[in-house]
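Bear in mind these aren't lab numbers, they're just calculated from the coordinates by the rules spelled out. Fair warning: this is a prediction, and the values are worked out from it, not measured in the lab. Cβ placement follows ideal geometry from the backbone for every residue including glycine, while neighbour counts extend to all protein chains displayed.
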Amino acid sequence: MKKYENSIEAISDLPQCIFTNMPSLLRPISEDGKWPLCLELPNIFLFEPIIISSESTENPQEPEDPSLFHQPRESRCKSITACSHTDKKHYAKNMCNNCYHRFGRNKLAWACSHPERQHYAKGKCQLCYLQDYHRSKVFGKRRKIRSLKDTEDNNSN
C-alpha cells in the first residue's frame, strides 16, 4: 500500500468519482456534461489521521479581534408596554395574556344573537359558542347510541 504525505495526493491518485471529487457534482469534468460513474466509496485507510499536538490545545491563540467571534445576539424579545404587568410574559399586542383577553381584542361577534359582545370563536360570543359546543357533544353521543341500537335491532331480526 502506497503511503501519501497528504490527503490531496491520495485523492488525486484515485479514479474520478463523485465521492472523491465533490466539485464534479457542480461542474462535471467530462465534455459531455455527465457525472463520473465510479460508485465506489474512497478507502478511508489510505489517509493519515490528523494529529493535534498538546501544545496547540493547551495554549490556544486568542483571535486578534474578539468582536469577530463574540458578536451580541440580536434576538427580538417582546417587552410589555401596553399594560402595567411588565413582569409577566408577553402574549400579544404588547400585553400579557390577561390584559390582552380583557382589553386587546376588538372584534365583535357576528354569527350569534349578541353582536355587542366580543368575538370568541367561529363568529360567536363565548356563551353562544360554548352552548353550541356542548350541545353538539351531547347530541353527538345520543346519535351514536341510537345508531348502535338501530344496528343491533336490525342484526337481531
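Placing pseudo-labels 7 Å out from each Cα toward the beta carbon at residue 153 and residue 137 gives an inter-label distance of 2.9 nm.
Taking a Cβ cut-off of under 13 Å around residue 118, the surrounding Lys, Arg, Asp and Glu residues balance to a net charge of +4, with basic ones at +1 and acidic ones at -1. Restricting the calculation to Cα atoms, region 108-156 yields a radius of gyration followed by a Dmax of 16.8, 54 Å.
Projected label points at residue 145 and residue 79, each 7 Å from Cα along the beta carbon direction, are separated by 5.8 nanometres.
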